[in-house]
Amino acid sequence: MLEILPFDPQQALKFLLILLKGAVMTVQITAGSLVVAIVLGLVMATIKTSRVRIARLAVDIYIEIFRDVPALTLLFILYFGLAYLGVKIEPAPAAIVGLGAIGGAILTEVFRSGFEALHFGQREAALAVGMTPMMAMRYIIFPQAIRIVLPPVGNYAIGLLKDTAIVSAIAAPEIMFWARNLVTSTFETTLVYVLAAALYFCMSFPLAQVVNKLEEKRRSWQ
Amino acid sequence: MGFWQGYIQNWDYWWPQLAVATGNTIALTGLSYLFALTLGIILALGRLSRIRFVPGICRAYIEFVRGIPALALLFLIYFGLVPLGIIVDSFSAAVIGLGMNQGAYLAEVFRGGIEALHKGQREAALAVGMTPAKAYRFIIMPQAVRIVLPPLLNMLIILLKDSSVCSLISTPELMLRAKDLASMSFLPMHAYLLAGLIYFLMACPLSLMTRRVEQRLRRGMRRITA
């Protein structure tokens, strides 16, 4: 057919369709871990601003552990280690729990610095002009906090999207998993991995541009 | 107590292997960090240079590498180049892959450090009679280091953890050894927990030090601006 191309376009298209199937799973795992990470992060950031010393210490220990252990090791503990103890988790949920647990440690710091960036005088002022605590939260605190927190959370989400690649090691059927499968059945290593890399790039690059825009906006707003 | 039995029985067999593998992980991390630092400085200078096409090429590299997972890059280098006749052993592929990946991130760190310094600083230093070398030594460097050092240390921690991914291209490092031991002894929980502990023992001092440095530098910065 097209002799100019170093690969068979029809075959490339076939590969791409299979990889796209993996991309759906990649997005699902990313979204799931992001939700887990945000919930964990919010809860732990709230605890860190509380006055219970032991609770704060527990959060600090959690953050330190999950900052210092590789995601792959954690995934293996969750997937293979727990299976050995008789607790069987499917690959995708294990991935969401593992990546989400690590993300929670990262986002706790993000949310906490977001909370701290807002002077508590803001809330007091809002209450002083007669707002209810709910109103102060809704109209004063939240709109400012979201602007501070959104760019780092966005950056985290992009990192997460790429981190999901290692989930293929516990056989969750995402992009890299299908790529490895295609390679073992066709031996077209170059083509398959270039396509997989391109697919990741097409997902993360636009996201990165959006986050850059948000960061610029935030800088001009400050 | 049944759980500890697994460690006690296998300890004599496990620990020499894990020690070697941990050494490999450290070597892998150190080498790829050196590579990444070099690449990062070159790319940062390239992005700021005025030679035509050079900033564009550097930017394209940085954006592309930052847009794909480290694992995809490792697979491309280790498996993807084989049909083109380029065969790299797994350790070199790991060093190159991790270095290329981190280099793109470090380039942005260095660029941020260089750009954060107003060029008026250098001009002012020259105006008060400093030589360019003195201006660099006493004005530019001390400030640039403050900006760049914390992210550089953070990157080292990230690199140490990312090196575990190289086990997937069968680089003989800690995670691969743990995987071997797990499948040989049928004790996955023991092996992976131990691997996690070793990573933690390496990364925790680094991350505590990073936070110490961050706090120290923040104190210094406040004194400057005040």
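Descriptive notes on the structure:
- Residue that is modelled with the highest pLDDT [pool: residues in the stretch B:133-158 that are over 17 Å from B:Ile41 (Cα atoms) and touching a Lys or Arg at 6+ places or on another chain (Cβ under 8 Å)]: B:Ile157
- Check on A:Gly86, assigned to a helix (DSSP H, G or I) and either of a type outside the set (Asp, Glu) or within 11 Å of chain B (Cβ to nearest Cβ) (or both): no
- Residues (part of a helix (DSSP H, G or I), farther than 23 Å from A:Leu34 by Cβ and at pLDDT 90 or above) located in the stretch A:128-170: A:Ala128
- Residue selected from the stretch B:58-85 under the condition surrounded by fewer than 21 Cβ atoms within 10 Å (Cβ to Cβ), within 7 Å of chain A (Cβ to nearest Cβ) and not hydrophobic (A, V, I, L, M, F, W, C), by the criterion nearest to A:Tyr156 (Cα to Cα): B:Glu63
- Close pairs from the stretch B:162-190: first at the interface with another protein chain (Cβ under 7 Å from one of its Cβ atoms) and in contact (Cβ under 8 Å) with a residue 24 or more places away in the chain, partner acidic (Asp, Glu) and not in a helix (DSSP H, G or I), Cβ under 9 Å, at least 6 apart: B:Ser164/B:Glu173
- Boolean, B:Ala107 is buried (at least 23 other Cβ atoms within 10 Å of the Cβ), touching an Asp or Glu at 6+ places or on another chain (Cβ under 8 Å), more than 13 Å from every other protein chain (Cβ to nearest Cβ) and in contact (Cβ under 8 Å) with a residue 12 or more places away in the chain: no
- Among the residues of the stretch A:165-174, those that are buried (at least 20 other Cβ atoms within 10 Å of the Cβ) and more than 8 Å from chain B (Cβ to nearest Cβ) comprise A:Val167, A:Ile170, A:Ala172, A:Glu174.
- Summed over the stretch B:118-161, the residues that are under 29 Å from B:Arg212 (Cα atoms) and either in a loop (DSSP other than H, G, I, E, B) or within 14 Å of another protein chain (Cβ to nearest Cβ) (or both) give a count of 12.
The values are calculated or read from the model by the stated rules, or taken from the named source; none is laboratory data. Just so it is clear, the model here is predicted, and its values are computed rather than measured. FYI the Cβ positions are ideal-geometry reconstructions off the backbone, even for glycines, and counts take in every protein chain you see.
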